[in-house]
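Novice: First the structure, then my questions, so here it is.
The values are calculated or read from the model by the stated rules, or taken from the named source; none is laboratory data. All values reported here derive from a predicted model rather than from experimental measurement. Here the Cβ positions follow ideal geometry from the backbone for every residue, glycine too, while neighbour counts run over all protein chains shown.
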Amino acid sequence: MESNSDNQGESYFASMTDMLVGLLFIFIILIVAITLQIKSETGAADIYRDQASDHRKEILVSLKKAIEDKGIYGIIIDENHGILRLPEKLLFDSGKAEVTFDNQVVLSKIASAFKEVISCSVFNNLQVQFNLSEDCKEGDDINRYFIEAIFVEGHTDNVPITRPLQEDSNLKNNMRLSARRATNTLEIMLNSVPELGEYYAPTIYNENNIYYPPQSIFGVSAYGKKRPLNKNLTYQERSDNRRIDFRFIMFIPSSKSEIDLFVHQLIKNIK
């Protein structure tokens, strides 16, 4: 009797051990599957981000060339940070926030270059790609990379404004000066080429088809002396720091499923 009881106990514990091992094996498989799914989602987003960054570089190079083709030189591009840079001398007199008449003509030509180059990479207010011409295709495929925002950034050197500027007594410091310069730059561009005001960022509609109002790609930022390119120790360094930057932010879906949904929307809207 004792022998049978012992055998039954051993058999019970052996069965429990086998069941626990099986459950552990299933748990490990689930963890691996979830990990692979997460890697697939984030990996696709990383690939899309890299390709969008490459597209941004192409935009910057094309913009610089289009501006130079209009006889305007001195433009600088920073491909790694997505910036097209206008030195102060292209737009403003020293210590001034208003764009001179001659430089308004320059800025109008720059605005025209923007229209020529970025219309393939923005949406309209109906959430359809703004320019659907054959020129916007990537080879035989549709363009899949778009601009989320372009910030017109005002920057100054570190020399303080000791008295209010003659043109506006409210411009009492570099932050206000940089804000006014950035705002004036964008206003002149939009007045010169109104179509730029019709450029919008893309939106991904979720499964509930929630509507989000169209978001313009253009905005203004002001940094005063807070984001210098160098140490402001020499005349040339201070001159380099006085600038207008156009900072390009690309639209990046957060996962593979969002990328697939966005591409589906693109193809659907084209058809």
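Novice: Hey, Val117 hits all of (1) under 15 Å from Phe246 (Cβ atoms); (2) touching a Lys or Arg at 6+ places or on another chain (Cβ under 7 Å); (3) not charged (D, E, K, R) but one; which does it fall short on?
Specialist: Of (1) under 15 Å from Phe246 (Cβ atoms); (2) touching a Lys or Arg at 6+ places or on another chain (Cβ under 7 Å); (3) not charged (D, E, K, R), only one is false for Val117: (2).
Novice: Is it true that Ser192 is among the polar types (S, T, N, Q) and in contact with a Ser or Thr (Cβ under 6 Å, 6 or more places away or on another chain)?
Specialist: yes
Novice: May I pose another question? Go through the range 148-175 and give me each residue that's assigned to a helix (DSSP H, G or I) and surrounded by 22 or more Cβ atoms within 10 Å (Cβ to Cβ).
Specialist: Scanning the range 148-175 gives a single hit, Asn174.
Novice: Let me ask something additional. Would you check if there is a residue in the range 252-267 being more than 23 Å from Asn125 (Cβ to Cβ), modelled with pLDDT of 90 or more and either touching a Ser or Thr at 6+ places or on another chain (Cβ under 7 Å) or not in a helix (DSSP H, G or I) (or both)?
Specialist: no
Novice: Which of the residues that make up the range 48-65 are surrounded by fewer than 19 Cβ atoms within 10 Å (Cβ to Cβ) and touching an Asp or Glu at 6+ places or on another chain (Cβ under 7 Å)?
Specialist: Lys57
Novice: Considering only residues that are assigned to a loop (DSSP other than H, G, I, E, B) and modelled with pLDDT of 95 or more, look in the range 82-123 and name the one that is farthest from Glu198 (Cα to Cα).
Specialist: Top of the filtered list is Gly82.
Novice: Still on this structure, I have one more. Which numbered condition in (1) in a loop (DSSP other than H, G, I, E, B); (2) loosely packed, with under 14 Cβ neighbours inside 10 Å; (3) at pLDDT below 90 is the only one that Asp135 fails?
Specialist: Asp135 satisfies all of (1) in a loop (DSSP other than H, G, I, E, B); (2) loosely packed, with under 14 Cβ neighbours inside 10 Å; (3) at pLDDT below 90 except (1).
Novice: Conditions first: (1) more than 29 Å from Lys226 (Cα to Cα); (2) charged (D, E, K, R); (3) under 19 Å from the mean Cα position of the chain (by Cα). Asp135 passes all but one, so which condition is the exception?
Specialist: Condition (3) is where Asp135 drops out.
Novice: State the number of residues belonging to the range 176-198 that are over 20 Å from Glu98 (Cβ atoms) and surrounded by fewer than 22 Cβ atoms within 10 Å (Cβ to Cβ).
Specialist: 4
Novice: Residues Val61, Val99, Val106: which one is in contact with a Ser or Thr (Cβ under 8 Å, 6 or more places away or on another chain) and under 24 Å from Ala182 (Cα atoms)?
Specialist: The unique qualifying residue is Val99.
Novice: I'd like to check something: does the range 235-245 contain any residue that is in contact (Cβ under 8 Å) with a residue 12 or more places away in the chain, closer than 22 Å to Lys115 by Cβ and among the hydrophobic types (A, V, I, L, M, F, W, C)?
Specialist: Yes, the range 235-245 contains at least one residue that is in contact (Cβ under 8 Å) with a residue 12 or more places away in the chain, closer than 22 Å to Lys115 by Cβ and among the hydrophobic types (A, V, I, L, M, F, W, C).
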